[in-house]
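Chemist: I have a structure I would like to understand better, so I am pasting it below and will then ask my questions one at a time.
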Amino acid sequence: MPAVNYNFILEQGSDFEINFQYSDQNGNPVDLSDASSTCVILQMIPNSGTDATTSFSTAVQDNKYSLTASDKGLIKLTINNSLTNLYTFDTALYDLDILQSNKLTRLAYGTVTIQKRQTNVPNCTLTSSVVSTSPTANDTQTPITTPLPDAQDLCLKTDCLDIDIYSSVYSGSGLIIPDLSSASGSVTTQDTRLIENVELVINNLNHLSPQDLQLLLAPPSGNKILLSANDKMPYNSGNFSFMFSNKALPTSYLYNTTNGGLCNIYNKTSSIKYSNETLSYGFDHLFNHSVTGVWNLIIRDTDPTASGTIGGWKLVLTYKPT
């Protein structure tokens, strides 16, 4: 397959991350996890400034950057802010290559543009006390010495999605789930490209009896998808997040997934009905179609005694390359 032309922006002085998804011509992820036979390399050649050619490789790791490749074909490059702050070039050309069993394959190429700072980096001292609007001689400010957590420490896989360059994430708002009733939320898509994959995230589910719940996704056209129906969920304290994805392990379902994990859809369409409609238990019927309009997430509470909420949800659509 020909390499993809993709240009991206790198912000000077900030942590940087970009993800690429490598799949074969049938759309199946390519296993890149065997370090003994596979090496992924991204090289940047600056068009200006004093920087030399920069090479990132899965074979060489550094505390200022990381290039990793997974068994699901996901390639992730992260660059620490201490390194991006040193870049002096305005633009650079790059190639992303895979050397696998002595065969070289170029996956992507394009231009990297540096978004340079417009001001100097500010100096800020955080304080642990609140200064009153009418300060007195006894008011003090005590510097905080404990490091603040990095942003990556605050997010689950379902919050900080690793998506490829052809994916779009549509975020739905939180919902209140009344006892013995239904709740729904919607997102609207206008992208007319053909869909290659669909995934759906539920973030921060809180419900005292999650087995009461049925979850459905209603696309703008085509059958509704029965995501789950009165399934067990392995959580005690709530704030449970998960993602319905065909990238989950074959044995991973909602009843045994971990918080922030990926799970498959268990087929219960033979026993669950919704207004006498035909329900699907997967997203396959949406593939290779251009599906635009309103997508609805429907959550039904089918048994008494408990109500709940979700903090939000995400629809992840991956489109075919154009």
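The values are calculated or read from the model by the stated rules, or taken from the named source; none is laboratory data. Computed from a predicted model, the values in this text were never measured in an experiment. Every residue, glycine as well, gets a Cβ built from its backbone with ideal geometry; the counts of neighbours run over all protein chains shown.
Chemist: Give me the residue from region 259-306 that is assigned to a loop (DSSP other than H, G, I, E, B) and of a type in the set (D, E, K, R) and, out of that set, modelled with the highest pLDDT.
Modeler: LYS268
Chemist: Which residues, counting only those in region 295-317, are surrounded by fewer than 17 Cβ atoms within 10 Å (Cβ to Cβ) and over 23 Å from the mean Cα position of the chain (by Cα)?
Modeler: If the condition is that a residue be surrounded by fewer than 17 Cβ atoms within 10 Å (Cβ to Cβ) and over 23 Å from the mean Cα position of the chain (by Cα), then THR302, ASP303, PRO304, THR305, ALA306 are the ones that fit.
Chemist: Right, next: Could you say whether any residue in region 170-188 is modelled with pLDDT under 90 and not polar (S, T, N, Q)?
Modeler: The answer is no, given that none of the residues of region 170-188 is modelled with pLDDT under 90 and not polar (S, T, N, Q).
Chemist: For GLY73, all conditions in the list (1) surrounded by 12 or more Cβ atoms within 10 Å (Cβ to Cβ); (2) farther than 23 Å from PRO321 by Cα hold save one; what is the number of the exception?
Modeler: Result: GLY73 fails condition (2) only.
Chemist: For THR257, are the conditions met, namely being of a type outside the set (Asp, Glu) and closer than 27 Å to LYS320 by Cα?
Modeler: No; evaluated as a whole, the condition is false for this residue.
Chemist: Please enumerate the residues belonging to region 270-294 that are closer than 26 Å to ASN26 by Cβ and crowded, with 17+ Cβ neighbours inside 10 Å.
Modeler: Result: SER280, TYR281, GLY282, PHE283, LEU286, VAL291.
Chemist: Test TYR235 against the stated conditions and say whether it is touching a helix residue (DSSP H, G or I) at 6+ places or on another chain (Cβ under 9 Å) and of a type in the set (Ser, Thr, Tyr).
Modeler: Yes, satisfied.
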